[in-house]
2 protein chains.
Amino acid sequence: MDYFKRFKVKDILNDNIEEYEDVLVMGWVKTFRSSKNIAFIELNDGSSLENLQIVVLSPEEFPLDDIANGASLRVEGYLDKVEGREQSIEMKAEKIEVLGEAPEDYKLQKKRHSFEFLREIAHLRPRTNTFSVMNRFRSKMAYAIHKFYNERDFYYIHTPIITTGDAEGAGEMFRVSTLDLEDPPMNDQGEVDFSQDFFGQETGLTVSGQLQGELLATAIGDIYTFGPTFRAENSNTSRHASEFWMIEPEMAFCELDDMLVLMEDFIKYLFRYALEEAEEEMNFFNKWIDEGRKEIIQEIVEADFGQITYTEAIEILEAADEDFEFPVEWGVDLQSEHERYLTEKHFNKPIFVTDYPAEIKAFYMRLNEDGKTVKAVDCLVPQVGEIIGGSQREERYEVLKEKMENEGMDLEKYSWYLDIRKYGTVPHSGFGLGFERLLMYLSGMSNIRDVIPFPRTPKSAEY
Amino acid sequence: MDYFKRFKVKDILNDNIEEYEDVLVMGWVKTFRSSKNIAFIELNDGSSLENLQIVVLSPEEFPLDDIANGASLRVEGYLDKVEGREQSIEMKAEKIEVLGEAPEDYKLQKKRHSFEFLREIAHLRPRTNTFSVMNRFRSKMAYAIHKFYNERDFYYIHTPIITTGDAEGAGEMFRVSTLDLEDPPMNDQGEVDFSQDFFGQETGLTVSGQLQGELLATAIGDIYTFGPTFRAENSNTSRHASEFWMIEPEMAFCELDDMLVLMEDFIKYLFRYALEEAEEEMNFFNKWIDEGRKEIIQEIVEADFGQITYTEAIEILEAADEDFEFPVEWGVDLQSEHERYLTEKHFNKPIFVTDYPAEIKAFYMRLNEDGKTVKAVDCLVPQVGEIIGGSQREERYEVLKEKMENEGMDLEKYSWYLDIRKYGTVPHSGFGLGFERLLMYLSGMSNIRDVIPFPRTPKSAEY
């Protein structure tokens with residue numbers, strides 16, 4: 001029988017403890033120093049960045065030979081307060097059991113490893129400081145998202161992962177199939193016969209839950225999705241992953257201006273949540289990843305977001321005394337350099353840019369009275385440019401139908417999408433936020449592979 | 001300019017309002033009755049099951065001709081209290097604008113539709129009472145899950161959807177590929193050359209996040225997943241979907257008995273949450289889907305879960321005065337009829353059955369001292385049998401390696417999984433709960449297609 005209750009390191013360090021309280025802790029050795037008369041073990045169990053210092057007063061009585069960095073221990077002892085140190089609680093060991101040794105070929109020895117190296121051992125990197133911090137941070141921010149929307153009576157919707165449509169009308173999709181690749185069934189026209197595939201048709205991995213989200217919003221009001229989305233684009237950059245999580249709120253009875261209020265609230269809520277509820281993690285990022293990161297985040301929390309139209313943005317950019325790589329004129333899509341100029345130099349705060357040319361935006365965005373712009377919005381923030389994009393949706397049946405026809409879309413295939421405009425249509429709006437982009441922004445991490453536990457990118461799907 | 005603030009129906013009905021307060025509401029017409037001198041509109045905006053009754057005192061002054069079931073309206077007016085009715089708040093219309101008409105071919109006319117019919121118009125069914133209730137319920141229970149684990153300092157992990165492994169060692173997987181099906185690249189051996197596929201290898205959709213979850217648990221302690229999982233099994237039953245969401249907690253430093261405490265806490269927390277925080281939805285299910293459902297759920301909340309070993313279960317079943325379809329003897333897997341006998345008739349409460357024969361369980365479960373059973377557990381509940389399955393994991397490197405070899409698994413491919421036993425291995429345990437099975441159990445819905453917004457099943461992946 002155990003007479004000791006197991007405590008997590010985090011709770012020991014945070015809680016007010018009784019001196020000499022008996023506890024049981026289990027964890028992994030972070031550092032180990034030993035001399036004839038005393039030994040020190042820094043133990044971590046994943047509950048926090050901080051370790052618990054374990055003091056071994058009679059080293060010869062304990063099985064210290066098997067202890068190395070990475071070994072797992074079960075330690076009984078009592079807690080002790082130490083005056084005058086930052087970390088004021090330590091544990092005096094009374095019994096140590098080695099649960100699992102860490103042989104010498106353990107790749108995580110005590111030294112700083114490059115992120116490139118750690119990506120190659122992504123199954124072990126959660127045991128390092130940076131990635132344990134990142135995984136806890138990711139979890140906290142995911143919870144913040146659910147909390148934000150639940151507090152506002154939004155309903156969380158699981159849109160399908162396997163789909164037949166392509167919400168962007170552009171993004172390359174992964175095919176999902178159970179057909180025999182070596183000998184697929186063919187039809188009379190000599191094409192692959194997808195009617196014999198698992199779902200009786202050609203299917204792929206979703207690029208966005210928006211279209212299905214609209215169906216739900218125009219039934220139960222305010223909804224949000226938070227799920228994995230996919231891009232089969234062969235772009236090996238530090239900002240693109242083939243599999244990533246996206247948050248897509250969609251609101252019925254909501255026009256563009258109403259949505260801007262929500263977007264600003266949302267960003268500020270998440271940023272404030274990071275600073276207040278993930279303080280340990282943000283301090284870590286601020287110290288080790290990007291000095292000054294907390295200040296950037298704090299400034300956004302306190303800012304009044306600006307708002308201009310695309311047309312105004314073009315005017316500002318044309319008047320700017322800047323050498324842009326990509327030329328600016330009405331009709332072009334804004335490049336990162338343009339977005340950053342606007343938010344960093346001209347306004348020096350986050351801004352919403354609205355009413356983009358219809359030509360450069362997706363078919364489902366609501367056409368303005370001018371006949372050439374749509375109710376699209378991008379939210380621009382310093383250092384990266386666009387962080388969120390959204391729009392008021394085209395809710396007029398005839399207008400939407402004509403736009404879809406002009407794009408050459410198969411109206412029959414999307415009849416369900418048109419139906420919600422045919423029956424009881426309502427103004428509605430929504431936006432999308434890439435979860436990994438959010439994490440990169442908050443943490444200052446520069447590679448998307450380092451904010452996902454097991455990243456999927458071209459030629460890489462290990463674990 | 002709007003001088004009226006938009007209110008949600010739910011907030012109007014729940015809040016204490018000022019009499020004669022001016023409000024703006026928007027929603028869909030649920031019923032509409034009109035006479036010469038007065039008209040009544042039941043309006044619903046998806047925020048609750050209950051409608052807001054709108055009274056039109058001078059029908060001739062309003063555009064009532066365009067109003068039909070399913071039409072969307074924008075209504076300004078003032079709130080009024082009505083004595084002696086269950087629904088004590090109504091709205092007197094001052095201005096009505098028809099946002100979207102609902103032509104006569106609208107398929108959701110006011111009558112009860114069969115669930116089969118509604119599955120065929122799954123894009124419109126969220127607008128019915130049953131499915132708006134179900135979608136709100138699904139959202140609330142998803143939040144309950146996140147809340148439960150966050151309150152216990154578990155970290156939420158996104159395990160990969162696209163994988164190269166197969167956690168169950170059995171389940172059929174969907175292939176994910178961008179190869180040209182009509183003309184895939186072949187290697188020298190005449191096989192499809194997956195090295196030329198998007199990820200440089202053959203990949204599929206995950207059947208479980210467990211193995212990756214173990215990597216995280218043995219780094220940061222207590223984690224849980226909550227994400228989509230897939231089965232390419234061609235089984236067209238009311239309880240199987242090809243795409244479903246699963247919750248998989250995994251705890252380091254946790255043995256089987258510790259986990260049973262968590263499992264019981266978890267089930268009771270969710271069931272209590274449903275009764276208390278989703279009262280409207282549970283009342284609806286109790287009235288329209290399965291009378292007495294709330295009582296079953298309440299009994300489980302109050303029960304002390306029992307615990308027996310598989311061997312004891314077999315003894316009980318062999319001694320039972322029952323005609324089982326499947327014969328019982330030590331070594332067979334328990335069928336639903338056996339499970340239900342145990343939980344419904346013999347114990348009359350939920351029970352944990354532990355220590356199953358190694359032969360019928362997965363390779364990763366921890367082998368007991370007897371050499372023939374493993375630390376597996378199933379939680380059985382009345383009416384369905386198993387609702388959760390889990391196990392303590394085999395943490396001993398040599399034992400696990402031998403089991404994997406015996407199963408003919410590719411050790412090289414799973415070296416990452418073995419590595420966490422090689423370096424600082426610790427006892428750990430985890431379980432899995434199918435989210436849709438939970439929703440079916442709580443609601444009494446008998447077909448899994450009716451608890452998922454857009455179900456994916458063999459030959460069906462619409463929308």
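Scan segment B:66-85 residue by residue and report those that are β-branched (Val, Ile, Thr) and within 14 Å of chain A (Cβ to nearest Cβ).
Start the filter on segment B:66-85 by keeping residues that are β-branched (Val, Ile, Thr), which leaves B:67, B:75, B:82.
Within segment B:66-85, B:Ile67, B:Val75 meet the criteria.
Among the residues of segment A:361-377, write down those that are in contact (Cβ under 8 Å) with a residue 60 or more places away in the chain, in a strand (DSSP E or B) and either farther than 30 Å from A:Ile296 by Cβ or not aliphatic (A, V, I, L, M) (or both).
A:Thr373, A:Lys375
Considering (1) in contact with a strand residue (DSSP E or B) (Cβ under 9 Å, 6 or more places away or on another chain); (2) assigned by TED's automatic domain parsing to the domain that holds A:Ile12, say which one A:Glu61 fails and leave the rest.
Of the numbered conditions (1) in contact with a strand residue (DSSP E or B) (Cβ under 9 Å, 6 or more places away or on another chain); (2) assigned by TED's automatic domain parsing to the domain that holds A:Ile12, the odd one out for A:Glu61 is (1).
Could you give every pair whose Cβ atoms fall below 8 Å, whose first residue belongs to segment A:413-425 and is at pLDDT below 95, and whose second residue is of a type in the set (Gly, Ala, Ser), counting only separations of at least 6 or pairs across chains?
Pairs that qualify, where the first residue is at pLDDT below 95 and the partner is of a type in the set (Gly, Ala, Ser), are A:Lys413/A:Gly165; A:Tyr414/A:Gly165.
Looking at segment A:258-282, I want the residues that are more than 17 Å from A:Ile296 (Cβ to Cβ) and have a partner that is buried (at least 19 other Cβ atoms within 10 Å of the Cβ) and hydroxyl-bearing (Ser, Thr, Tyr) with Cβ atoms under 8 Å, at least 6 apart or on another chain. Which pairs are those?
The qualifying pairs are A:Asp258/A:Ser429; A:Met259/A:Ser429; A:Leu260/A:Thr354; A:Glu280/A:Ser48.
Among (1) buried (at least 22 other Cβ atoms within 10 Å of the Cβ); (2) in a helix (DSSP H, G or I), there is one condition B:Lys140 misses while meeting the rest; what is its number?
Result: B:Lys140 fails condition (1) only.
With respect to A:Lys92, is the statement that it is touching a strand residue (DSSP E or B) at 6+ places or on another chain (Cβ under 6 Å), of a type outside the set (S, T, N, Q) and surrounded by fewer than 17 Cβ atoms within 10 Å (Cβ to Cβ) true?
Values: touching a strand residue (DSSP E or B) at 6+ places or on another chain (Cβ under 6 Å): yes; of a type outside the set (S, T, N, Q): yes; surrounded by fewer than 17 Cβ atoms within 10 Å (Cβ to Cβ): yes.
Taking the combined requirement at face value, the residue satisfies it.
Restricting segment A:335-355 to residues that are under 30 Å from A:Glu398 (Cβ atoms) and out of contact with any Lys or Arg (no Cβ under 9 Å at 6 or more places or on another chain), which is surrounded by the most Cβ atoms within 10 Å (Cβ to Cβ)?
Restricting to residues being under 30 Å from A:Glu398 (Cβ atoms) and out of contact with any Lys or Arg (no Cβ under 9 Å at 6 or more places or on another chain), the top hit is A:Val353.
Which residue, of A:Tyr106, A:Tyr143, A:Tyr155, is at the interface with another protein chain (Cβ under 10 Å from one of its Cβ atoms) and closer than 30 Å to A:Trp416 by Cα? Show your work before the answer.
Numbers: A:Tyr106 fails: closer than 30 Å to A:Trp416 by Cα; A:Tyr143 fails: closer than 30 Å to A:Trp416 by Cα.
Just a single option satisfies the conditions, and that option is A:Tyr155.
Any idea which of (1) under 27 Å from B:Leu215 (Cβ atoms); (2) at the interface with another protein chain (Cβ under 8 Å from one of its Cβ atoms); (3) part of a helix (DSSP H, G or I) is the one A:His123 doesn't satisfy?
Only one criterion in (1) under 27 Å from B:Leu215 (Cβ atoms); (2) at the interface with another protein chain (Cβ under 8 Å from one of its Cβ atoms); (3) part of a helix (DSSP H, G or I) is unmet by A:His123, namely (3).
Regarding segment A:203-225, can at least one residue be identified that is closer than 18 Å to A:Arg437 by Cα and free of Cβ contacts under 8 Å to residues at least 12 places away in the same chain?
There is no residue in segment A:203-225 that is closer than 18 Å to A:Arg437 by Cα and free of Cβ contacts under 8 Å to residues at least 12 places away in the same chain.
What single numbered condition from (1) crowded, with 22+ Cβ neighbours inside 10 Å; (2) small (Gly, Ala, Ser); (3) within 29 Å of A:Val176 (Cβ to Cβ) fails to hold for B:Gly432?
(1)
When you scan segment B:378-463 for helices (runs of 4 or more DSSP H) that lie fully inside it, which ones turn up with 3 or more residues that are away from chain A (no Cβ under 13 Å) and closer than 24 Å to B:Thr218 by Cβ?
On the way: elements: B:397-406, B:415-422, B:435-443.
By residue number, B:397-406.
For segment B:85-105, give me each residue that is under 22 Å from B:Ser48 (Cβ atoms) and either hydroxyl-bearing (Ser, Thr, Tyr) or assigned to a loop (DSSP other than H, G, I, E, B) (or both). Break it down into steps so the answer makes sense when it comes.
The initial filter retains those residues of segment B:85-105 that are under 22 Å from B:Ser48 (Cβ atoms), namely B:85-93, B:96, B:99-100, B:102.
B:Arg85, B:Glu86, B:Gln87, B:Ser88, B:Ala102, listed by residue number.
Which residues, taken from segment A:66-79, are in a strand (DSSP E or B) and either assigned by TED's automatic domain parsing to the domain that holds A:Thr130 or in contact with a Ser or Thr (Cβ under 9 Å, 6 or more places away or on another chain) (or both)? Outline the logic, then answer.
Restricting attention to segment A:66-79, the residues satisfying the condition of being in a strand (DSSP E or B) are A:72-79.
A:Ser72 - this is the single residue of segment A:66-79 that is in a strand (DSSP E or B) and either assigned by TED's automatic domain parsing to the domain that holds A:Thr130 or in contact with a Ser or Thr (Cβ under 9 Å, 6 or more places away or on another chain) (or both).
Out of everything in segment A:252-261 that is buried (at least 20 other Cβ atoms within 10 Å of the Cβ) and more than 13 Å from chain B (Cβ to nearest Cβ), what residue ends up being nearest to A:Arg138 (Cα to Cα)?
Of segment A:252-261, the ones buried (at least 20 other Cβ atoms within 10 Å of the Cβ) are A:252-254, A:256, A:259.
Imposing the further condition that a residue be more than 13 Å from chain B (Cβ to nearest Cβ) reduces the set to A:256, A:259.
Working: A:Leu256: 29, A:Met259: 25 Å.
Taking the candidates together, the pick is A:Met259.
For segment B:201-251, which positions are more than 7 Å from chain A (Cβ to nearest Cβ) and more than 22 Å from B:Met173 (Cβ to Cβ)?
The answer is B:Ala217, B:Thr218, B:Asp222, B:Ile223, B:Tyr224, B:Ser238, B:Pro249, B:Met251.
Here's a check for you: in segment B:126-140, which residue that is closer than 24 Å to B:Arg456 by Cβ and more than 15 Å from the chain's Cα centre (by Cα) is farthest from the other protein chains (Cβ to nearest Cβ)? It would help to see each step written out before you state the result.
Filtering segment B:126-140 for residues closer than 24 Å to B:Arg456 by Cβ gives B:126-128, B:130-140.
Within this subset, residues satisfying the condition of being more than 15 Å from the chain's Cα centre (by Cα) are B:126-128, B:130, B:132.
Values: B:Pro126: 4, B:Arg127: 4, B:Thr128: 9, B:Thr130: 12, B:Ser132: 5 Å.
Filtering segment B:126-140 for residues that are closer than 24 Å to B:Arg456 by Cβ and more than 15 Å from the chain's Cα centre (by Cα), the one farthest from the other protein chains (Cβ to nearest Cβ) comes out as B:Thr130.
The values are calculated or read from the model by the stated rules, or taken from the named source; none is laboratory data. Being a predicted model, the structure only gives us computed values, none of them experimental. As a convention, Cβ positions derive from the backbone with ideal geometry for all residues, glycine included, and neighbour counts pool all protein chains shown.
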